[in-house]
Amino acid sequence: MSTTMRAARMHAIGEPMRLEQIELPTPGLGEVRVQVHAVNIVPNLGNILNMWTTWFPEDPLPTLPAVFGLDPAGVVDAVGEGVQDFAVGDRVYVNPGRYCLSCRACRNGDLINCASYAFSGYFGFSATALDLLDRYPGGLSEQMLAPAYSLVRIPDNLDFNSAARFGYLGTMYSALRKAQAGPGKSVLVNGISGTLGISAALFARGFGITKLYGTGRDKGLLEQVKKICPERIEVHSLEDGPVDEWIHERTNGHGVDIYVDALGPGAQHETFRQGLRSLARGAVAVDIGAAMGDLPIDIHRMMNQQQTLIGSAWFTAGDGQNMADMVASGDFDLSWLEHKVYPLTDVNEAISGIAERNGGFSNFIIDPQS
């Protein structure tokens, strides 16, 4: 067996990735090696590779040269000592969340709030995340190393390309779970036609959401989103007026129980604020899109109305397993995704080409085995 593998590595910020032969990793205690069959190229990857050190210098990138690639799926091909429940041949999605298991948050089971939390193949959330980033490179390689705690076993009816979308899907799943979405609840999603926002439409039936309101700009894309679950989804273009006015008209002035903002960096702050003004008394707002900058909000109104605003950064491997089980049972249909698959040799083309996409329906994938 070869002792090397192909990988796409970035050597300097803003430079194209280079295809290279690097050492094949060997799994240690509690680790597995995964043969990667699909890696999702997320819309934010270009920002990470070109502007992250300027935008968020406090959140480190892995030591360069580095293998990026946030959302891999594939097959376990080697198992280290002490691994239970997973074996060679298992089909898996690899959750990129990495945690130290020894800080106070980890010892309390609050894993995503680990003091050294990191996204493998992406970036870390503190200076102490660098060790985890460097120990666990991303998925843009033929094989990758992963802790067994990060694995999600995927069913036979879930293809690798769709499984590699679990990062953005799981972000929405976690937000809806934290906000207690379910029967009898109404949900507003700003940016529902985007890569992150469309996840709410795909989850609408599985969560039993009574009414899902979605906004965006492209009316054609919004109508496509509505077709995913037409009996539950209503859509509104931002070109047709303020979000809060539309919501209060549709809810007889009551407002929505849950507001999820899925708009990314560069989005207008006023759209976020309109979402906040759409909340019902006692409602919950969750930010998952990472809108940037200081945001003035009416905190007195939020207090009087007993409203809550929280940030939700990711999801656990347990959440991912729940999603996989929903696919297995037929409660979560990912057939709406439109896959565009590239070989590893075309990774730079894939990253630049993602600007031309059919909203959140497009799923850009690198297959390192091709």
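For residues in region 299-313 being outside any helix (DSSP H, G or I) and modelled with pLDDT of 95 or more, which is most open to solvent (accessible area, probe 1.4 Å)?
Taking region 299-313 as the starting set, the residues that turn out to be outside any helix (DSSP H, G or I) are 305-313.
Narrowing further to those that are modelled with pLDDT of 95 or more: 305-312.
On the way: Q305: 59, Q306: 124, Q307: 22, T308: 60, L309: 73, I310: 55, G311: 66, S312: 7 Å².
Filtering first and then ranking leaves Q306.
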Checklist entry - Where in region 204-282 are the helices (runs of 4 or more DSSP H), entirely inside, with at least 3 residues that are open to solvent by less than 70 Å² (accessible area, probe 1.4 Å) and touching a residue at least 40 places away in the same chain (Cβ under 8 Å)? => result 219-226, 269-276
Next on the checklist: Checking S352 against (1) in a helix (DSSP H, G or I); (2) over 23 Å from I247 (Cα atoms); (3) at pLDDT 95 or above, only one condition comes out false. Which one?
Outcome noted: (3)
Next on the checklist: Considering only region 152-163, I want to know if a residue exists there that is at pLDDT 95 or above, among the polar types (S, T, N, Q) and touching a helix residue (DSSP H, G or I) at 6+ places or on another chain (Cβ under 6 Å).
Outcome noted: no
Item to check | region 167-178 - residue that is out of contact with any Phe, Trp or Tyr (no Cβ under 7 Å at 6 or more places or on another chain) and open to solvent by less than 10 Å² (accessible area, probe 1.4 Å) and, of those, farthest from S150 (Cα to Cα) | outcome: A175
Checklist entry - Is there a residue in region 67-90 that is open to solvent by 20 Å² or more (accessible area, probe 1.4 Å) and under 17 Å from the mean Cα position of the chain (by Cα)? => result no
Item to check | Within region 24-61, tally of residues that are modelled with pLDDT of 95 or more, touching a helix residue (DSSP H, G or I) at 6+ places or on another chain (Cβ under 8 Å) and buried (at least 21 other Cβ atoms within 10 Å of the Cβ) | outcome: 5
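Look at A350 and say whether it is in contact (Cβ under 8 Å) with a residue 12 or more places away in the chain, open to solvent by less than 20 Å² (accessible area, probe 1.4 Å) and in contact with a Phe, Trp or Tyr (Cβ under 6 Å, 6 or more places away or on another chain).
So A350 fits the description; yes.
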Next on the checklist: I need a count of the residues in region 98-146 that are outside any loop (DSSP other than H, G, I, E, B) and closer than 15 Å to L61 by Cα.
Outcome noted: 14
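Can you pull out the residues in region 244-271 that are over 22 Å from the mean Cα position of the chain (by Cα) and either modelled with pLDDT under 95 or among the charged types (D, E, K, R) (or both)?
Selection gives D244, E245, E249, R250, D257, E270.
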Item to check | Any chance Y122 is open to solvent by 40 Å² or more (accessible area, probe 1.4 Å), aromatic (F, W, Y) and in contact (Cβ under 8 Å) with a residue 24 or more places away in the chain | outcome: no
Checklist entry - So is A200 outside the structural domain of S278 (by the TED database), within 19 Å of G359 (Cβ to Cβ) and either hydrophobic (A, V, I, L, M, F, W, C) or in contact with a Lys or Arg (Cβ under 6 Å, 6 or more places away or on another chain) (or both) or not? => result no
Checklist entry - Only one of (1) open to solvent by less than 20 Å² (accessible area, probe 1.4 Å); (2) assigned to a strand (DSSP E or B); (3) of a type in the set (A, V, I, L, M) is not met by V341, so which one is it? => result (1)
Next on the checklist: What's the number of the only condition in (1) exposed (fewer than 14 other Cβ atoms within 10 Å of the Cβ); (2) farther than 17 Å from D134 by Cα that H11 fails to meet?
Outcome noted: (2)
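The values are calculated or read from the model by the stated rules, or taken from the named source; none is laboratory data. Here the structure is a predicted model, which means the values were calculated and not measured. For neighbour counting, all protein chains shown are included, and Cβ atoms are generated from backbone atoms with ideal geometry for every residue, glycine included. All accessible areas refer to the heavy atoms of the entire protein, side chains included, with ligands and DNA or RNA removed. Shrake-Rupley method; radii C 1.70, N 1.55, O 1.52, S 1.80 Å.
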